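As structure tokens, the structure follows; a few thoughts come after it.
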Amino acid sequence: MKFPETLRTYCPFCRAHQEHEVRLNRKGKERTMNRGRRKFEEVKRGYGSIPRTPKKEVYKVGKRPVFLLKCKVCKKRHQRHQRARTKKTVEIKSH
């Protein structure tokens, strides 16, 4: 799936349609001491025969890409979620 490098779309901060720079939003570095990570480590240690629920046979093929749009006028960023799941990799194409 190809997506343009620049896009003219609505900016909620300017409250008008402006040019935006587009890039894919990536997951940030996870904190090691957050509650979910601590709970997962506790569950992973196990109790009884199985440490946690068995893995699934079937996984979802694609993810919904999240684009980070940066307004060229006010320099603020906002996200746009793609509605459909992608089966192919998402790339930002330049002109």
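What pairs come up if the first residue lies in the range 59-72 and is surrounded by 15 or more Cβ atoms within 10 Å (Cβ to Cβ), the second is among the charged types (D, E, K, R), and their beta carbons are under 7 Å apart, counting only those six or more places apart or on different chains?
Phe67/Arg80; Leu68/Arg23; Leu68/Arg77; Leu69/Arg77; Leu69/Arg80; Lys70/Glu21; Lys70/Arg77
Report whether or not Arg26 is assigned to a loop (DSSP other than H, G, I, E, B), touching a Lys or Arg at 6+ places or on another chain (Cβ under 7 Å) and not β-branched (Val, Ile, Thr).
Values: assigned to a loop (DSSP other than H, G, I, E, B): yes; touching a Lys or Arg at 6+ places or on another chain (Cβ under 7 Å): no; not β-branched (Val, Ile, Thr): yes.
No, not satisfied.
Go through the range 1-11 and give me each residue that's over 14 Å from His81 (Cβ atoms) and either touching a Cys at 6+ places or on another chain (Cβ under 9 Å) or not in a loop (DSSP other than H, G, I, E, B) (or both).
Hits for the range 1-11 are Lys2, Pro4, Thr6, Leu7, Arg8, Tyr10, Cys11.
Step by step: first the residues of the range 9-36, then only those that are surrounded by 12 or more Cβ atoms within 10 Å (Cβ to Cβ) and either among the polar types (S, T, N, Q) or over 28 Å from Thr89 (Cβ atoms) (or both), then the one that is nearest to the chain's Cα centre (by Cα). Which residue is that?
Asn25
FYI, it's all coordinate maths here, none of it is from the lab. These numbers come from a predicted model, not from an experiment. In this analysis, Cβ positions are derived from the backbone assuming ideal geometry, glycine residues included, and neighbour counts consider all displayed protein chains.
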